[in-house]
Amino acid sequence: MRDNKKTDKIIAIYHAVEDIIAEGVDIATMRVSDIAAKAGIGKGTTYEYFTSKEELVVKAMIYLVDSMTKRILNNMQKKASFHDKFMLLLEEMEEKVKQRACILKYFHMLSDLNLCESMHDLLLDNDEEANNANPMRVIRYLLEEGRKEGVICDRYSQSYMETVMFSKIIAFVVYVDNVFGNKDHDNEVMKQNLYDGLCKELGV
């Protein structure tokens, strides 16, 4: 029972970080007291589980990315075609941009030296959750599904194909973020254009 309570508190802390970042608070200025208040626990309680704010934030981001990655992979497996799987991923990214979800702040986190060092330390410790929280798992799954369907070829290196796929996803995130709320832009057309471009570049 004690372990379950501890897990619940840690998850509450992780989601508190997500909510605070979604409110527009910068990671560098985020305070542990604010995280604790949002999670509904005492500030001192957070230090029972984390040694520093950097560790807390990094582990929160790892948990959130891992959760999103697992959910997307699970939903993709329910789709019949490579096209539908790719479109599902773009839809997920579109929704996250609209929500201003903190998952999109994951990349900005890398510009903070202290957080980079914390992430590096966690990976060196072979933290299972840290190693699993890799969005590239989704990219690799998509490429494999594309190969099985005969949409994606094998004449390029894996790293090149991952880079091309990842660039399409990031391009869409940037596009949606820049045109959000602008009725003159059609996200569905852009999704299809990105899919067609991907198939042209990596197709058979």
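Bear in mind that the values in this text are calculations on the coordinates, not laboratory data. All figures in this text were calculated on a predicted structure; none of them were measured in a lab. As a convention, Cβ positions derive from the backbone with ideal geometry for all residues, glycine included, and neighbour counts pool all protein chains shown.
The figures follow:
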{"item": "Cleavage-rule hits (chymotrypsin sites (Phe, Trp or Tyr not before Pro)) in the range 39-91: DSSP loop, at most 15 neighbouring Cβ within 10 angstrom", "result": "Tyr47, Tyr49"}
{"item": "Extended-chain gain in nm, criterion 0.36 nm per residue less alpha-carbon gap, Glu95 and Met136", "result": "12.9 nm"}
{"item": "Spacing of the two label points (7 Å from each Cα toward its C-beta) at Asp26 and Glu48, in nm", "result": "3.3 nm"}
{"item": "Counted charge near Asp154, where neighbours are those whose Cβ lies closer than 12 Å (Asp, Glu -1; Lys, Arg +1)", "result": "+2"}
{"item": "Vicinal HN-Hα couplings computed from phi for the range 48-59 (Karplus, 6.51 cos²θ - 1.76 cosθ + 1.60; Hz; Gly/Pro x)", "result": "6, 10, 9, 8, 7, 5, 4, 5, 4, 5, 4, 5"}
{"item": "For Asp196, net neighbour charge (Lys/Arg +1, Asp/Glu -1) across residues whose Cβ lies under 14 Å away", "result": "+1"}
{"item": "Extended-chain gain in nm, criterion 0.36 nm per residue less alpha-carbon gap, Asp196 and Ala12", "result": "62.1 nm"}
{"item": "Amide H partners (placed H, <5 Å) of Ile152, local residues excluded", "result": "Arg147"}
{"item": "Estimated inter-spin distance, Arg147 and Asp19, nm [label 7 Å along Cα→Cβ]", "result": "4.4 nm"}
{"item": "Residue-wise HN-Hα coupling along the range 164-177, computed from phi with Karplus coefficients 6.51, -1.76, 1.60 (Hz; x: Gly, Pro)", "result": "5, 4, 4, 5, 5, 5, 5, 4, 5, 4, 4, 4, 4, 5"}
{"item": "Karplus-derived HN-Hα couplings along the range 146-156 (A = 6.51, B = -1.76, C = 1.60, θ = phi - 60°), whole Hz, x at Gly and Pro", "result": "x, 5, 4, 7, x, 8, 9, 8, 10, 7, 10"}
{"item": "Set Lys59/Lys98; Lys168/Lys200; Lys79/Lys191; Lys96/Lys168; Lys85/Lys200; Lys53/Lys98 screened for pairs whose C-alpha atoms are more than 22 Å apart", "result": "Lys59/Lys98; Lys53/Lys98"}
{"item": "Surrounding net charge for Ala36, when Lys and Arg each add one and Asp and Glu each subtract one, Cβ distance under 12 Å", "result": "+3"}
{"item": "Förster radius 25 Å - calculated FRET efficiency between Ser33 and Asp186, Cβ distance, rounded to 0.05", "result": "0.05"}
